[in-house]
Amino acid sequence: MPSVRFRLNGAEMDVDADPDRSLLDILRGPLGMTGPHFGCGAGECGACNVIIGDRAVAACDTPLWSIVDKDVTTPEGLGTAERPHPLQRAFIAEQALQCGYCVSGILMSAAALLMRNPTPSSQEVKQALDGNLCRCGSHNRMVRAVLRAADEMAAR
């Protein structure tokens, strides 16, 4: 089995697996990352989004071979319970979570947006989150939370 090397949440990884397996399968299986969720399995819902470089990407349809020597961030890499990321604090403050299933992917989409654009408009946030399906109806609170996090990060 070939070895695939990449960085996961800042740590070097060397995974012996079929390079055609999905990144989500490897993350949730051998690597034990439960933040990215399996949703549709077709890259349409955003529940499995991770950040590769500075882009939110559906891990369910990303082959392992495509992340060689790249940086991958999962929700586990955003922050900790002791030191949450500004997005995590803002989502709590704005009560932007209900069932929570979609939130990890939405956090990844929002974090990728803020990496590329630290002061997005409301419309830019909506566009960045457009690929994430949420059935709970927390969209407006999520947009407010992303804008709140952007303000907090800019104030640092």
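Overview of values
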{"item": "Mean accessible surface per residue for the chain, computed with a 1.4 Å probe while every protein chain stays in place, in Å²", "result": "51"}
{"item": "Percent carbon-and-sulfur accessible area, the range 36-156, ignoring ligands, DNA and RNA, probe 1.4 Å", "result": "50"}
{"item": "Amide proton proximity set for Arg55, modelled H, under 5 Å, gap of 5+", "result": "none"}
{"item": "Using distinct alpha-carbon pairs, which all enter the 1/r mean, Kirkwood radius of the chain in Å", "result": "15.6"}
{"item": "Modelled FRET efficiency - R0 25 Å, Asp25 with Asn117, Cβ distances, 0.05 increments", "result": "0.20"}
{"item": "Amide hydrogen neighbours beyond the local backbone of Leu8, cut-off 5 Å, H modeled", "result": "Met13, Val72"}
{"item": "Dipole magnitude of the chain about its Cα centre (Cβ charges: Lys, Arg +1; Asp, Glu -1), debye to nearest 20", "result": "580"}
{"item": "Mean residue ellipticity (222 nm) of the chain, computed from DSSP H runs ≥ 4 via -39,500 (n - 2.57), nearest 500", "result": "-10000 deg cm²/dmol"}
{"item": "P(r) of the range 103-156 over all Cα-Cα pairs, binned every 5 Å from zero, in whole percent", "result": "4, 22, 37, 24, 10, 3, 1"}
{"item": "In Hz, Karplus ³J(HN,Hα) per residue of the range 115-128 (6.51, -1.76, 1.60; θ = phi - 60°; x = Gly, Pro)", "result": "5, 8, 9, x, 10, x, 7, 4, 5, 5, 5, 4, 5, 5"}
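The values are calculated or read from the model by the stated rules, or taken from the named source; none is laboratory data. Being a predicted model, the structure only gives us computed values, none of them experimental. Note: ideal-geometry Cβ built from the backbone for every residue, glycine included; neighbour counts use all protein chains shown. Accessible surface is based on the protein model in full, side chains and every heavy atom, while ligands, DNA and RNA are left aside. Shrake-Rupley method; radii C 1.70, N 1.55, O 1.52, S 1.80 Å.
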